[in-house]
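Below is one structure, written out as structure tokens; comments come after it.
Bear in mind that the values in this text are calculations on the coordinates, not laboratory data. For clarity, every value in this text was computed on a predicted model and none was experimentally measured. Cβ coordinates were reconstructed from backbone atoms using ideal geometry, including for glycine residues, and neighbour counts include every protein chain displayed.
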Amino acid sequence: MDVKDPKPVTIESAMVMAAGIGKRMRPLTATRPKPLVRVAGKALIDHSLDRIEAAGIPHVVVNVHYLADALEAHLAAQRRPFSIAISDERAHLLETGGGMVKALPQLRGDPILIVNSDNIWTDGPQDSILNLASHWDGARMDALLLVIRQASATGHSGRGDFHMDPSGRLSRRRAGRVAPFVYTGVQLISPRLLEDAPDGAFSTNMLWDRAIAAGRLYGLSHMGQWFEVGTPTAIAPTETALTEV
């Protein structure tokens, strides 16, 4: 996507998605939540928080469910220049879409940054979060996803997620086909994306499909490195690659 908003937005808050059970990361998640699994000397969630701090975002919400006490204690010990609030999903795990809906009253501004806690990325020529902000256009977008070309998606074994047209508008991979772009787990959303969302647990995919139908789901190609750290076997290759950056 080449067209930039002439007035880059200020991101007032971010949400880190950290409530998952982490089944694919077993046995490491038998005694700790997945966001506390250590990669390259720090907990996975701290890689995300470092990027949020670098972007100067003043308020962060983290959702918790599995082994929530351990994650809350870790966050309480953070010394960061931003506030951290907890969206408590101990009673019911709400998946990605339901988690955002529950956290929305604690989030500020438009757009809001949403980050998965199990991905690690390095910046290209620009700070990736601030680059998203510079391309945000609320008149055209309900969500702007940071995507990466599948050939550069380290640790990803799927067939890709999206096609992207020259304006940056996204469409889904067709069944049985391959798509060139993979979602990195980083996106800007407008609260408008969550309007009329269902109650309870549901996937963000439902919201994206609705935005695609309206022509309001966009992507921005990531120019740095990106690592999907979904299983124990992905940790060592990620650590090796990070030492070479």
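Using C-alpha pairs under 8 Å with a sequence gap of at least 6, the mean separation divided by the residue count of segment 154-245 gives a relative contact order of 33 percent. A DSSP coil position with no more than 13 other Cβ atoms inside 10 Å describes the following trypsin sites (Lys or Arg not before Pro) in segment 175-245: 177.
Hydrodynamic radius of segment 158-245 by the Kirkwood approach over all distinct alpha-carbon pairs: 15.3 Å.
How many percent of DSSP beta bridges within the chain run antiparallel, rounded to 5?
Numbers: 21 of 41 bridges.
Of those bridges, close to 50 percent are antiparallel.
How many angstrom lie between the Cα centre of segment 13-79 and the Cα centre of segment 153-214? So the separation of the two Cα centres works out to 23 Å. Remark: 117, 134 ranked as 134, 117, counting other beta-carbon atoms within 10 Å and listing the fewest first.
First check a/c for segment 181-225, with a ≥ b ≥ c the square roots of the eigenvalues of its C-alpha gyration tensor; if it is under 1.5, answer rounded, and if not, answer prolate when a/b is larger than b/c or oblate otherwise. Since a/c reaches 1.5 and a/b is larger than b/c, the shape of segment 181-225 is classed as prolate. Rg over Rh for the chain works out to 0.93, using Cα positions for both radii and the Kirkwood form for Rh.
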